[in-house]
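Here the structure comes first, spelled out in structure tokens, and everything after it is commentary.
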Amino acid sequence: MVHLPGTADTATADEDRLAELGYKQDLKREWSLIHNFGASFSIISVITGITTLFQYGLTTGGPGVMSVGWIVVNFFTFFVGLGMAEIVSAVPTSGGPYFWAAVLASEKWGPFCAWVTGWFNLLGQVAVTTGITFGGANLISTLATVKGGYEPTPAKIIGIYAALLFSHAVVNTFGVKILKYLNNVSITLHSVGISCIAIAVLAKAPKLQSAKFVFATFNDGTGDPGWGEIASPAYVAIIGILIAQYTITGYDASAHMSEETKDAARAAPYGVLMSLAVSAFFGFFIMLAFLFSIQDFDRTVGSDYAQPVLQIFVDVFGENGAIGLFAVIIICVWHCGLFSLTSNSRMMYGFARDAGLPRWFAHTDQKFQSPIRTSKLHSC
């Protein structure tokens, strides 16, 4: 019998499968395939990774490593996604990788593998959420310097960072119903909005760089002497592609949100693969748009704003236009941090449910059917 997505039969099948895996349906299944995809797509958020690490890319390998490295990293990452999609289709739980480790390992080693995988996953997610939101705080502080007398200080940046985390926690407190609508906004901004920015930059740029500059220019700006001399240019290229590797992360969110997704055995694996494929396409387009639109390489790298993407916008649109476009990017970064916290809270909920963390964190709010305690913990 075929179960149509969103039907009562599908809901029953989802709950039955979860029961077979040893869990009761406590979270609210409110998300469709597009929302499951949107969570991973928003956390990958290619515009977040590219913008916050553009300076790193330009000085650690330069345009050639950034453009070609994006292709290489996404090619191999998709194979990881294929494996993840295969497993989550059979084991759709909020725990994700740590629970898969328990299932796939032998009976003797299962608990140990699950514990190690769970802590690596948890610590990695905390670090990623921190990096995203702290990067967003830096972007806000940088934008505030374009006009006016604002002087960024560590205390001010930490204050902005804390406010962003608090806003993420507040939104997550109200469960998936509000997140569902913000998910739609995020998908639109990350696809249509960022595409429009990339097209506008290319169309408005006074001059465009050559293909040779974008695909074959190597720059070792790692010091004097640079790492290319201390080690080798290959080493610089290898660490340079970290801009892509840092960006294409977080697609395990489709697994962590599976207990809140209808027809999870089908939607979660599609969410993983769709988010990777769409992010690879949009990210490559954005990367090329920014690289082709660089007006002066040295001025971009040594920007007075300490932000090369903002410098590109100023060179192309002037300060007023740059402020508007950079604000859109900051909104995207906010959504990226929001859904990163959402995914992390579900992973913590699942891990606590199996005693990897204190079971107090496995509590589900009865009104919103959401793991609010883990959301609040992440905001701290």
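Derivation of every value follows stated rules applied to the coordinates shown; laboratory data play no part. Quick caveat: nothing in here was measured; it's all calculated off a predicted structure. With ideal geometry, Cβ positions are generated from the backbone for all residues, glycine too; neighbour counts draw on all protein chains shown.
What to note about this one:
- Listed residue pairs exceeding 28 Å between alpha carbons, taken from Lys24/Lys108; Lys156/Lys204; Lys262/Lys367; Lys147/Lys204; Lys28/Lys108; Lys24/Lys180: Lys156/Lys204; Lys28/Lys108
- For the pair region 159-195 / region 284-327, the C-alpha centres are spaced 25 Å from each other.
- Neighbour-count ranking [beta-carbon atoms within 10 angstrom, fewest first] of Leu18, Leu341: Leu18, Leu341
- Computed about the Cα centre, the dipole magnitude for region 30-379 is approximately 780 debye when only Lys and Arg (+1) and Asp and Glu (-1) carry charge, each at its Cβ.
- Candidates Pro154, Pro233, Pro111, ranked by Gaussian network fluctuation over the chain, Cα under 10 Å, top entry: Pro154
- Proportion of all alpha-carbon pairs of region 31-128 beyond 18 Å (%): 63
- Hydrophobic long helices, here whole DSSP H runs in the chain with Kyte-Doolittle means of at least 0.5 and Cα atoms spread over 30 Å or more along the helix axis, are found at 62-90, 110-143, 264-292, 308-353.
- Residues Ser94, Ser32, sorted so that the one with the fewest Cβ neighbours within 10 Å comes first: Ser32, Ser94
- For region 221-380, radius of gyration divided by Kirkwood radius, i.e. Rg to Rh on alpha-carbons: 1.08
- Stokes-Einstein translational diffusion, region 30-379 - Kirkwood Rh over all Cα pairs, 1.002 mPa s, 20 °C, in µm²/s: 103
- Linear extension gain, Lys24 paired with Tyr235, 0.36 nm per residue minus alpha-carbon span: 71.1 nm
- Fewest-first ranking of Met84, Met287, Met257, using other Cβ atoms within 10 Å as the exposure measure: Met84, Met287, Met257
- Label-to-label distance, Ile157 versus Leu104, with points set 7 angstrom from Cα along the beta-carbon direction: 3.8 nm.
- Of the trypsin sites (Lys or Arg not before Pro) found in region 15-66, those in coil by DSSP whose Cβ has at most 10 other Cβ atoms within 10 Å are Lys24.
- Relative contact order (%) - the chain, alpha-carbon pairs under 8 angstrom, separation at least six: 37
- Net lengthening on full extension, Val72/Gln366 (0.36 nm per residue, minus Cα-Cα): 101.3 nm
- Within region 241-317, all pairs of alpha-carbon atoms sorted by distance into 10 Å bins from zero give the percentages 17, 32, 24, 17, 10, 0.
- Separation in nanometres of the label points that stand 7 Å from Cα toward Cβ, at Leu202 and Phe174: 3.8
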